[in-house]
Amino acid sequence: MRKNTSAFVNHLLVWLLVTIGLGGSAGLVTVWMRHQISATAKANRDLAVQIARYDRLVDETRTQIETEQASDKLRHLNTALGLGLVPMNQIPVVHVTDNVVERLARRANAGVLADGPAPAAALRVTLPGF
């Protein structure tokens, strides 16, 4: 009886091809993952550059606003443009601590409601024959 050795060789060849295929696929996946990582890192760097640019613009704008709101500059513009504005510390400020709703209701109804008793109503009754 003769043994068939080509079956063993066929199995060996199939397993060898499967191993090479899996190894190649793993290599391809590794290369693709590294590419994705580098693309994400580049996008992150670009975003960091944009954020830094916007932060710089915000700081420049804030500095410009603070410069324009300086007290001496505002006084100069007030006199140059003849606005007649006065500083806040020269305006009297009255802090209201009572119940505002109640005070406004009293003011609105001052003529309608009186603090004293209600006036007596005059009633004239006429009886027939008298």
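What is the magnitude of the charge dipole of the range 9-89 about its Cα centre, with +1 placed on the Cβ of each Lys and Arg, -1 on the Cβ of each Asp and Glu, and no other charges, expressed in debye to the nearest 20?
Details: 8 positive and 7 negative charges, 56 e Å.
Result for the range 9-89 is approximately 260 debye, rounded to the nearest 20.
Which of VAL86, HIS11, SER25 sits farthest toward the positive end of the charge dipole of the range 9-89, with +1 on the Cβ of Lys and Arg and -1 on the Cβ of Asp and Glu?
Ranked along the dipole, the leading option is HIS11.
Bear in mind that the values in this text are calculations on the coordinates, not laboratory data. Quantities reported herein were computed from a predicted structural model and do not represent experimental measurements. Positions of Cβ are generated from backbone atoms using ideal geometry, with glycine treated the same way; all protein chains shown enter the neighbour counts.
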